[in-house]
Amino acid sequence: LGKGTTLTVETRHNSCTLQDTLSMQGVIQRLPCRQESGPVIIVAHLADQRERYMAFVWQVLCAALAGLVIGSLLGLVGWRWWLARRHKTEQRVQQSGVLDSLEVLCKALEQQQVEVSEAAIRISALLDTLPASISPKVDLSDIHQFAQTCQQFDRGEARHNLTPKARHEQDKYRWQLDEENRERIRAAAQRLVTVLPDWRSGLGISSPDR
């Protein structure tokens, strides 16, 4: 009986010892898992930060690209506006010079300081450089028709190459035409002078006396 009781106690002792051993092994086996959870969390956190950083970088790049596109478009619009403004300014200067020349020619014709044929040719050429929409309209057909008639006479180098006799014959005929058309060309020039101020105003050109 005493031995039986001893065996029972020893058996229980061994059983408890085995359970304790198994429990310790379980603790030991679980310890690495708890130690590994730290690095995993750190890696996940770094990956999340990297994704956020890359997203931020893409946002910055997209914003920079959008700014570049918008800046380029604004620059193109500004450049085209500058070209249009420059062209308009140059055109206005040219038109002002044309109107000044027309006024001088009309006054010279009135004072007989220029030949009628020469004045008609130059006035007609200057009028052709002005916009067709210019107003008010005035009848200057006599000037254009006479200028067209005078195109038969040689000018410049061609006139210089004429023989003295041929040059004299052309001059004689031209002087005859000048006398025949003087009054109607002067009348047309006077009509032109009366509309020059309105033409200046319509083209946005100040008067030369200002």
Accessible area of region 125-183 divided out per residue, in Å², using a probe of 1.4 angstrom: 68
Cα pair distances in region 45-108, grouped into 5 Å bins until the bin that holds the longest one, percent each: 4, 14, 9, 10, 8, 8, 7, 6, 7, 5, 5, 4, 4, 3, 2, 2, 2, 1, 0
Fully extended contour minus Cα-Cα distance, from residue 89 to residue 47, at 0.36 nm per residue: 8.9 nm
J(HN,Hα) series, region 166-182, from Karplus relation 6.51 cos²θ - 1.76 cosθ + 1.60, nearest Hz, glycine and proline x: 5, 5, 5, 5, 5, 5, 4, 5, 5, 4, 5, 5, 4, 5, 5, 10, 4
Nearest-20 debye value, region 100-158 charge dipole, Cβ charges on Lys, Arg, Asp, Glu: 120
Share of carbon and sulfur in the accessible heavy-atom surface of region 62-210 [1.4 Å probe, %]: 55
Estimated vicinal HN-Hα couplings, Hz - region 127-142 in sequence order (Karplus 6.51, -1.76, 1.60; Gly, Pro = x): 4, 5, 8, 7, x, 5, 7, 4, 9, x, 6, 9, 7, 10, 5, 4
Top positive-direction residue, dipole computed over region 99-147 with Cβ charges, set 144, 133, 117: 133
Theoretical gain in end-to-end length, residue 72 to residue 133 [0.36 nm per residue, Cα-Cα removed]: 18.3 nm
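The values are calculated or read from the model by the stated rules, or taken from the named source; none is laboratory data. Worth saying up front: this structure is predicted, and the values here are computed from it rather than measured. All Cβ positions, even for glycine, are placed from backbone atoms using ideal geometry, and neighbour counts span all protein chains on display. We work out accessible area using only protein heavy atoms, side chains counted, and drop any ligands, DNA or RNA first. Shrake-Rupley method; radii C 1.70, N 1.55, O 1.52, S 1.80 Å.
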